[in-house]
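The values are calculated or read from the model by the stated rules, or taken from the named source; none is laboratory data. Since the model is a prediction, treat every value here as computed from it, not as a measurement. Note that we place each Cβ from the backbone using ideal geometry, even for glycine, and neighbour counts take in every protein chain shown. In case anyone asks, the SASA skips ligands and DNA or RNA and just uses the protein heavy atoms, side chains included. Shrake-Rupley method; radii C 1.70, N 1.55, O 1.52, S 1.80 Å.
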Amino acid sequence: MSKFVILLGGAVHVTDRLLRLVAGAHVLAADGGIAHAAPLGLEPELWLGDFDSTSPELAAQYAKVPRMEFPSEKDMTDGELALNEAYRRGATEVILCGAFGGERTDHALLHLTMATRYAAEGRKLVLSSGYEEAHPLVAGAYDFDFVDGTLFSIVAFSQLSGLFIRGARWPLENVELFFGSSLTVSNAVRGNLHVSLHSGKAILIAAPQIA
């Protein structure tokens, strides 16, 4: 297994769980996301993007980090460029750190849908801000290590078929869930959370630090 962390420009809160998640990983930074490196105790091996959100202070602080520069007018976000580079370097697991919040809602939504797209291709990804954690769901079965009481929601990106939720306050058995439904919002872990899905695409978003 080759684990990569991609530092993005959203919010990051340093928690013990996040530190464990990123430990031992290769680190790529996308533009201003490099600001999260020092708080997380990480050393980026590559810094890439168009650098339109990089301050002079960050540029000076990380002047020795190798750069891969792109024009501002491009057909991919800095985050997706970093993700593609991680896969080019052999990543088998990717943590998108700083994938939520920030000033760009469009980027946060893209990170969620982009991760789900790659999960459908068999890739393993997790998105985290420290306070929130997201896991793409495609056809298959999933077990989670959240502590009892952890709040979580499942947001459908398509029609879902054969959705099972076990180890939760409100379990579900073989449910058909339409796109845009709020049925699976605001649940809570009760024991060992297990989710399985026959078909469709969704994302599970949990708040492990406020359990």
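If I filter the stretch 91-99 for residues that are β-branched (V, I, T) and free of Cβ contacts under 8 Å to residues at least 60 places away in the same chain, do I get at least one hit? No; the residues of the stretch 91-99 include none that is β-branched (V, I, T) and free of Cβ contacts under 8 Å to residues at least 60 places away in the same chain.
Taken over the stretch 96-106, the residue count meeting the criterion of being farther than 18 Å from L7 by Cβ and either small (G, A, S) or part of a loop (DSSP other than H, G, I, E, B) (or both) is 0. When the criteria are applied in full, Y118 meets the requirement of being within 29 Å of D143 (Cα to Cα) and in contact with a strand residue (DSSP E or B) (Cβ under 8 Å, 6 or more places away or on another chain). Candidates in the stretch 27-43 are the residues that are closer than 14 Å to F4 by Cα and of a type in the set (G, A, S); of these, the one that is modelled with the lowest pLDDT is A30.
Checking each residue in the stretch 23-68 for being touching a residue at least 40 places away in the same chain (Cβ under 8 Å) and farther than 23 Å from E103 by Cβ picks out A25, H26. Which residues, counting only those in the stretch 39-65, are open to solvent by 60 Å² or more (accessible area, probe 1.4 Å) and either part of a loop (DSSP other than H, G, I, E, B) or of a type in the set (A, V, I, L, M, F, W, C) (or both)? Hits for the stretch 39-65 are G41, E43, E45, D52, S53, A60, A63, K64. If you go through the stretch 132-167 and keep only what is of a type in the set (V, I, T) and in contact with a helix residue (DSSP H, G or I) (Cβ under 6 Å, 6 or more places away or on another chain), you end up with V138, T150.
When the stretch 1-37 is filtered for residues that are buried (at least 24 other Cβ atoms within 10 Å of the Cβ) and of a type in the set (D, E, K, R), only D31 remains.
Given the criteria more than 20 Å from the chain's Cα centre (by Cα) and either basic (K, R) or at pLDDT below 90 (or both), does P66 qualify? The answer is no for P66. Exactly one of these conditions fails for M76: (1) out of contact with any Ser or Thr (no Cβ under 7 Å at 6 or more places or on another chain); (2) open to solvent by 40 Å² or more (accessible area, probe 1.4 Å); (3) over 30 Å from S199 (Cα atoms); (4) in a loop (DSSP other than H, G, I, E, B). Give me its number. For M76, the exception is condition (3). Across the stretch 90-106, which residue is modelled with the lowest pLDDT among those that are open to solvent by 10 Å² or more (accessible area, probe 1.4 Å) and in contact with a strand residue (DSSP E or B) (Cβ under 8 Å, 6 or more places away or on another chain)? Across the stretch 90-106, the extreme among qualifying residues is F100.
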